[in-house]
1. Rank A:S48, B:L126, B:M382 by how far each Cα sits towards the positive end of the charge dipole of the protein assembly as shown (+1 on Lys, Arg Cβ; -1 on Asp, Glu Cβ) and give me just the farthest.
2. Could you look at chain B and say what percent of its accessible area is carbon and sulfur, using a 1.4 Å probe and all protein chains?
3. So what is the calculated 222 nm ellipticity per residue for the protein assembly as shown, using -39500 (n - 2.57) for each DSSP H run with n of 4 or more, over all residues, to the nearest 500 deg cm²/dmol?
4. From the residues B:N113, B:T91, B:Y183, which one has its Cα farthest along the dipole of region B:91-206 in the positive direction, the dipole being from +1 and -1 charges on Cβ of Lys/Arg and Asp/Glu about the Cα centre?
5. Rounded to two decimals, what ratio of Rg to Rh does chain A give with C-alpha atoms and a Kirkwood Rh?
6. What quantity of accessible surface, computed with a 1.4 Å probe and excluding non-protein components, is buried in total between chains A and B, in Å² to the nearest 100?
7. Could you tell me how many degrees, from 0 to 90 and to the nearest 10, lie between the Cα long axis of helix A:73-84 and the main elongation axis, the longest principal axis, of the Cα atoms of chain A?
8. Per residue, how many Å² of accessible area does the protein assembly as shown show with a 1.4 Å probe?
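The values are calculated or read from the model by the stated rules, or taken from the named source; none is laboratory data. Since the model is a prediction, treat every value here as computed from it, not as a measurement. Every residue, glycine as well, gets a Cβ built from its backbone with ideal geometry; the counts of neighbours run over all protein chains shown. When the accessible area is computed, the model is the full protein with side chains, heavy atoms only, and any ligands, DNA or RNA have been set aside. Shrake-Rupley method; radii C 1.70, N 1.55, O 1.52, S 1.80 Å.
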Amino acid sequence: MCFAGIDIGSRTIELVVVDDAGEIVLSLQTDTGFDPKSEADNLVNGVSFDRIMATGYGRNLFEISFDAPTVTEIKAHVRGVLAIFPGARTVLDIGGQDSKAIVLYENGKVKKFEMNDRCAAGTGKFLEIMAKTLGFEIEAFGREALMAKKDLNISSMCTVFAESEVTSLIAKGLSRREIARGLHTSVIRRAASMINRVSSEGDIVFTGGVAKNQCIRKLLSEKLGREIHIPDDPQMIGALGAALLAADNR
Amino acid sequence: MSEDYRSMWADLGLDLEAHDALLGVLGKAYQDIYLSQKDRPDGMGYFDFVMSEVHGLRIRELLDEKEAGRKIIGSYCVFVPEEIVLAANATLVGLCSGADFAMDEVEKLLPRNTCALIKSLFGFKLGKVCPYLESTDMIVGENTCDGKKKAYESLNHLVKNLYIMDLPQVKSEQGRTLLKSEYDRFKTAVEELTGVSITAESLKQAIQMVNAKRSAIHRLSSLRKADPAPISGLDALLANQVFFYDNPARFTESVNKICDALENRIAEKKGVFPEKTPRILVSGCPQAVPNWKLPFIVETSGAVIVGEESCVGERGTRNLTDESCRTVEEMMEAIVDRYYQVDCAIFTPNPERLKHIQEMVATYKANGVIHYSLQFCQPYLMESISVEKALEEKNIPTLRIETDYSMEDVGQLKTRIEAFIEQIQ
Ligand code: SF4
Ligand code: SF4
């Protein structure tokens, strides 16, 4: 039998299919775009599986059209992380518009989680908008920030204010790399305080699209002084977890 | 709605167009949230009727009472003693409002970062849509949180009949003395307003009447200990909300009727949700009509709410007034004793509240607590941190929610609440 998990996030949609042994046999990704329901339908079309489970902020859309069971991103991420790092106790997930810090009991059950409330501060969306303001490709943004010679303090975390702060820093002639580094530092500060609120020690597993950003990875481990593990494909963890949960429920 | 009501509303000075809009929203919300629930117990039809006539029949009744010389007193807080009002042959109605209205106008008078409850109270006045507010002969504002007490200074320019009650913030001998002298002053003010002097007999009757109403609610609450839960948290919240403005005798009778039906259900092991559904206690800020956002999300995400540690809930109703006193003076002391136990977060320190939450978790066999605060409500937001810490030390899972009356954060809230339910399952 085959089990699929679909993670309908605010920026991207992932689909993972696992076999009976829980090995990944297929993984696909697409942009969420303006019509998440059709994008999800397209992604699933032609893929064969026996059961599917949906997660992500668009999970309920999918629940209706596919009559699929749903789980929250939190449970899905935990399941996905545990498949790759069985001993994990702290999970940080920073996605398109949400960030979450989750602590687990020894048996892998959720003990406590924190999640940002409504605004996009400190998430992938924030970095994306800032990269654009500075004229960097999102893929290069972290790399450029890493090359900055010094850090710079950006005080606004609100996307709107940060954008104008960045514009005025550019106007002052400051280096784009340093501004980029400052923006990364401010995202880290927020993530670190969220992590520290729920857990004070031990290794951290970092998932979600933002975990691909090299600068964030480096700064975060420096700031926290804790080991950080990143799955090979951190964006797929939610979908993988959902697929594994579909298999668990068989 | 009948034409008769429209002219009644116009006479009260309501803005008919805005009022239509409000009733439209209210009706739709009630339809979607309440009437769509499955397996509601017998007797809930009473609340459906009350809600459908909330601006109609009930207002007509109040106006008829006024016609017959009775006064109407409005209140924004559970510290305003209904016993005193009833004993002077007046009626008390709760005015706390649970919806955003006329926010553009409100934000000319209040800072944007004011709690939704206070903004709503202004919105209903400025938008001219609340027939209760417009029917009152006296409005009692009380010095509780800073937001409220300063807001009443502005409200005083908008209404002619505002009476301010001071309240202690520390539970000490001096605090109790202040409460006693404020209740005495209130008694005099109500007697002056109504022209009726309170007698031992009238006060005793009033105490019994309010106790009966509270006892009915206690009975309802204790039935919620059962698993499967015989009544949804939404419906129980509604009972707690209607407590504030229905006729007391009718309310008591109707709630008791619902309890009879619930007892039958429990005997048959019939519930609104299956047995072993995760059970949640909601604790925190008041949830006034029609603020049903949180319970709606919780109960459509696979859990049931089994108790409300809230002013619209057990914090407001739990203690009875001693009925054994003989003189007016003794009864006034008994009333002070009763209200003095209300553990509102404006008190400092406020350890009784934490104790009460823990008791409720045990009594109602809750699997977790959702601490509900309105955004910008300092007293409850501040307490939410120590409450969460203390509960988690006792291995009671707790989720802190901070929200307002808008629908912007429903998606986010749903994810957090669903994840919390997964966590406690
Ligand atoms: S929270 Fe405090 S101030 Fe508000 S209604 Fe309750 S007792 Fe009154
Ligand atoms: S106590 Fe909190 S919810 Fe109540 S009025 Fe004050 S700020 Fe608003």
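1. B:M382
2. Working: 8720 of 16610 Å².
Percent of accessible area from carbon and sulfur atoms in chain B: 52.
3. Using -39500 (n - 2.57) per qualifying helix, the result is -15500 deg cm²/dmol.
4. Highest projection toward the positive end goes to B:N113.
5. On the way: Rg = 18.4 Å, Rh = 18.5 Å.
Reported Rg/Rh, Kirkwood definition of Rh: 0.99.
6. Details: alone 11960 and 17410 Å², together 27760 Å².
That pair of chains buries around 1600 Å² in total.
7. Helix A:73-84 and the main axis of chain A meet at about 80 degrees.
8. Working: 27760 Å² over 675 residues.
Roughly 41 Å² per residue, with all protein chains present.
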